[in-house]
1. Take the stretch 96-320, drop everything but the C-alpha atoms, weight them equally and run the Debye formula without solvent; then report log10 I(q)/I(0) at 0.07, 0.11 Å⁻¹ to two decimals.
2. Could you list which residues have their amide H under 5 Å from that of GLU210, counting only those 5 or more apart in sequence or on another chain, with H placed in the peptide plane?
3. How far apart, in nm, are two points set 7 Å out from the Cα along the Cα-to-Cβ line at VAL129 and at MET263?
4. With equal scatterers on the alpha carbons only and no solvent term, can you work out the Debye log10 of I(q)/I(0) for the stretch 145-261 at 0.11, 0.14, 0.16, 0.19 1/Å?
5. Translational diffusion coefficient, Stokes-Einstein: compute it for the stretch 196-333 using the Kirkwood radius over C-alpha pairs as Rh, at 25 °C and 0.890 mPa s, and state it as an integer in µm² s⁻¹.
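Bear in mind that the values in this text are calculations on the coordinates, not laboratory data. Nothing here was measured: the structure is a model prediction, and the numbers come from that model. All Cβ positions, even for glycine, are placed from backbone atoms using ideal geometry, and neighbour counts span all protein chains on display.
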Amino acid sequence: MMKRSQLLPVLVGGVFCVAVVSLYRMLELMQRAELKQSKVKPAGQVDEDLSRLQLKIDKLERLLNDNNRLVATLRDSLLLRKASWDKGGQGGGVNGSSNSVLSRAGTLPGCRLAEKMKDGKNGVQLLDVYDLLPFDNPDGGAWKQGFDISYLDNMWDDQPLEVFVVPHSHNDPGWLKTFDSYYEDQTKHILNNMLIKLSEDSRRKMIWAEISYFSKWWSGIDEQKRDAVRRLLGAGQLELVTGGWVMADEANSHYFALLDQLMEGHQWMQRHLGVRPSSGWAIDPFGHSPSMTYLLKGAGLQDMVIQRVHYAVKKHFAQQQTLEFLWRQSWDS
Ligand SMILES: [Zn+2]
């Protein structure tokens with residue numbers, strides 16, 4: 001039998017245990033109820049979520065329909081354009097060069113020479129040329145890359161050597177300086193001098209490519225100088241080449257950007273001078289894209305000069321006498 005002094009601690013311990021267990025049980029029940037509550041959202045909130053989802057789906061459907069309509073419009077306008085190309089292209093305005101020829105919109109899409117060139121005998125596939133070249137980058141010579149050029153003094157006695165000198169000035173609309181800094185420091189002086197020097201002697205000529213600069217200069221000169229510019233353009237002493245807003249990069253740009261800046265420049269020329277370019281001039285883009293030639297042909301240009309091509313490729317073309325060529329796109333039929 002326990003003594004009364006022993007019974008008390010046992011009772012206290014028992015009560016403590018019961019209290020702890022019931023406290024634990026209570027907490028457990030509360031937690032379960034909470035979980036249950038969080039799983040079941042109120043009916044109002046569910047409806048709200050559903051209607052928000054429905055709105056999003058409706059919006060997506062609207063966008064999809066808009067997109068379908070846009071694609072259909074584009075397809076229709078392309079078909080119309082193709083039909084007008086098939087008819088033979090339209091005449092263009094004057095270029096302003098001495099041999100100003102009516103530009104033709106060209107024969108896009110597709111290259112008329114493609115059929116003749118299908119056997120590959122008359123064409124050069126640049127990817128094949130790349131396989132031929134070692135690209136070993138030798139140094140020295142008249143050109144870099146070890147291209148020694150030698151000639152005899154009497155080589156052109158019978159048939160004179162034709163040398164084309166093209167006075168030009170390439171102005172980057174922003175490179176080491178900003179567009180405005182270049183304009184203030186250099187560009188406006190070049191164009192002012194051009195106007196003076198060409199007016200002094202009718203044999204002098206000059207070409208200009210970047211319409212962004214030309215339009216800025218134009219907006220700052222008086223009507224008398226503008227008349228002089230129009231006269232020089234008409235006489236073929238001054239020629240606007242390519243006519244893009246910039247001399248566009250061709251390596252990284254999306255074709256839409258190439259086209260966009262071309263339209264900007266051509267529209268400016270049309271609006272202020274009534275001329276359109278017939279020759280392309282791309283002497284600074286780091287590499288050249290056949291897409292650009294395709295777009296220029298579509299814009300009515302007849303020919304173009306390109307410059308930044310690997311020395312090894314230039315040397316190869318010079319040796320093969322194929323530096324003058326018609327550039328066909330590899331995807332063209
Ligand atoms: Zn440049």
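1. -0.28, -0.70
2. ASN171
3. Using points 7 Å along Cα→Cβ, the separation is 3.2 nm.
4. -0.52, -0.74, -0.87, -1.04
5. Translational D for this selection: 150 µm²/s.
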